[in-house]
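Worksheet: one structure, shown below.
The values are calculated or read from the model by the stated rules, or taken from the named source; none is laboratory data. Please read all numbers here as calculations on a predicted model, not as lab measurements. Cβ atoms come from the backbone with ideal geometry, glycine included; neighbour counts cover every protein chain shown. Only protein heavy atoms, including side chains, enter the accessible area calculation; ligands, DNA and RNA are left aside. Shrake-Rupley method; radii C 1.70, N 1.55, O 1.52, S 1.80 Å.
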Amino acid sequence: MYGMVNRAVEEMVTSHFGNDTWLEIKRVAEVDTEVFVSLEAYPDDVTYRLVGAASEVLGLPSEQILEEFGQYWVLHTARDGYGSLLDAGGATLPEFMRNLPGLHARVALIFPNLKPPTFAVSDETPNSITVHYRSSRTGLQPMVFGLLKGVAARFQTKAAITRLQSYEDGADHDVYLMQW
Ligand code: HEM
C-alpha cells in the first residue's frame, strides 16, 4: 500500500505510545525503512507486518488496532492531508455515504497505482444505509468498521455498525448495515 498508509500507522502509534515503541514495532516487524514516502507504493506485506508487530508489542488484538486505525484515518490522516477530497464527499452523513463509491476514483488521480477497495451502497432509509465492501485484500474488515465509525464521527453522529454478511462466512463480499 502507499506509504501514506504506513506513515499513518506510525503517526497513530507514536502519538499514543511514543517513538521508542514505534521503533520496537518496526524491529519486531523486521521493517527497516527509515521514512515512508507517502506517494510511493510499498508491498502490502509491510503494512500487515507492522500491524501484526504492533499487536504483539502493545498486547492488543490486531482487530482492535485495525479498527482504531480506520477511525484515525478518517478523523486525522485524510482530514489533515486530503481534507478537500473529504469535503467534496458531502456535507451530511447520508450524502457522504452515497458518494463513498466514487471517492477512491478521485483518490486514484493522486495515487495512480492505487489498488482501491470497491464500495457500493443500497437500501437507504432516513436513518440507515447498507454498505457493500469488496477488496483484493483480506483481513481488513475491522478497519472498515473503524472507517465507517470515523465517517459517522466526522458528522458528529453516533452510528451502530453491524456486519450482515462476510467473506469469512463464504459470502462473495462483505455487507455492513450502518444505522444512526
Ligand atoms: C480523502 C480520503 C481518502 C484517501 C486519500 C484514501 C486513500 C487510500 C489509500 C492511499 C489507500 C491504500 C490503497 C493502496 O495503496 O493501494 C486506501 C485504502 C483503503 N481505503 Fe481509502 N482513502 C480515503 C478515504 C476512505 C474512506 C472514507 C473509506 C471508507 C469509509 C476508505 C476505505 C479504504 C479501505 C477499506 C482501504 C483498504 C484497502 C482495501 O480494502 O483493499 N477510504 N485509501
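Of all residues in the stretch 86-115, those satisfying the criterion of being in contact (Cβ under 8 Å) with a residue 24 or more places away in the chain and not basic (K, R) are L86, T92, L93, P94, F96, M97, L100, V107, I110, F111, N113, L114.
What number of residues in the stretch 47-93 are within 11 Å of the ligand (Cβ to nearest atom) and either touching a His at 6+ places or on another chain (Cβ under 7 Å) or of a type in the set (A, V, I, L, M, F, W, C) (or both)? It would help to see each step written out before you state the result.
First, the residues of the stretch 47-93 that are within 11 Å of the ligand (Cβ to nearest atom): 47, 66, 69-71, 73-75, 77-90.
Then drop every residue that is not either touching a His at 6+ places or on another chain (Cβ under 7 Å) or of a type in the set (A, V, I, L, M, F, W, C) (or both), which leaves 66, 69, 73-75, 78, 85-86, 88.
Residues meeting the conditions: 9.
Those residues that are assigned to a helix (DSSP H, G or I) and under 20 Å from L114 (Cβ atoms), I need them from the stretch 31-72; list them, please. So that I can check it myself, show each step before the final result.
Residues of the stretch 31-72 that are assigned to a helix (DSSP H, G or I), as a first pass: 44-58, 62-72.
Listed by number, the residues that qualify are D44, D45, V46, T47, Y48, L50, V51, L66, F69, G70, Y72.
Sub-6 Å Cβ pairs linking a first residue in the stretch 36-55 that is in contact (Cβ under 8 Å) with a residue 12 or more places away in the chain and more than 17 Å from E24 (Cβ to Cβ) to a second residue that is in a loop (DSSP other than H, G, I, E, B) and near the ligand (Cβ under 10 Å from one of its atoms), at least 6 apart or interchain, are A41/N113; D44/M1; T47/M1, ordered by first then second residue.
Restricting the stretch 141-163 to residues that are open to solvent by 20 Å² or more (accessible area, probe 1.4 Å), outside any strand (DSSP E or B) and among the polar types (S, T, N, Q) leaves a set whose member that is nearest to the ligand (Cβ to nearest atom) is T157. So which of T130, T138, T118 ends up being touching a residue at least 40 places away in the same chain (Cβ under 8 Å) and more than 7 Å from the ligand (Cβ to nearest atom)? Exactly one residue qualifies, and that residue is T130.
Each residue in the stretch 164-180 was checked for being open to solvent by 20 Å² or more (accessible area, probe 1.4 Å) and within 16 Å of G70 (Cα to Cα), and 0 pass.
Quick check on the stretch 13-29. Is at least one of its residues surrounded by 14 or more Cβ atoms within 10 Å (Cβ to Cβ) and within 16 Å of the ligand (Cβ to nearest atom)?
Here is the first cut: in the stretch 13-29, the residues surrounded by 14 or more Cβ atoms within 10 Å (Cβ to Cβ) are 13-14, 17, 21-22, 24-26, 28-29.
Now narrow it down to the ones that are within 16 Å of the ligand (Cβ to nearest atom): none.
No, that holds for no residue.
Kindly indicate the residue of the stretch 11-65 that is hydroxyl-bearing (S, T, Y) and touching a helix residue (DSSP H, G or I) at 6+ places or on another chain (Cβ under 7 Å) and also nearest to M143 (Cα to Cα) among those meeting that condition. Even if it seems obvious, please write down each step before you answer.
Going through the stretch 11-65, the residues hydroxyl-bearing (S, T, Y) turn out to be 14-15, 21, 33, 38, 42, 47-48, 55, 62.
Narrowing further to those that are touching a helix residue (DSSP H, G or I) at 6+ places or on another chain (Cβ under 7 Å): 14, 21, 38, 42, 47, 55, 62.
Details: T14: 19, T21: 22, S38: 19, Y42: 19, T47: 13, S55: 14, S62: 10 Å.
Among those that are hydroxyl-bearing (S, T, Y) and touching a helix residue (DSSP H, G or I) at 6+ places or on another chain (Cβ under 7 Å), it is S62.
Of all the numbered requirements in (1) in contact with a helix residue (DSSP H, G or I) (Cβ under 9 Å, 6 or more places away or on another chain); (2) at pLDDT 95 or above, Y167 misses one, and that requirement is (2).
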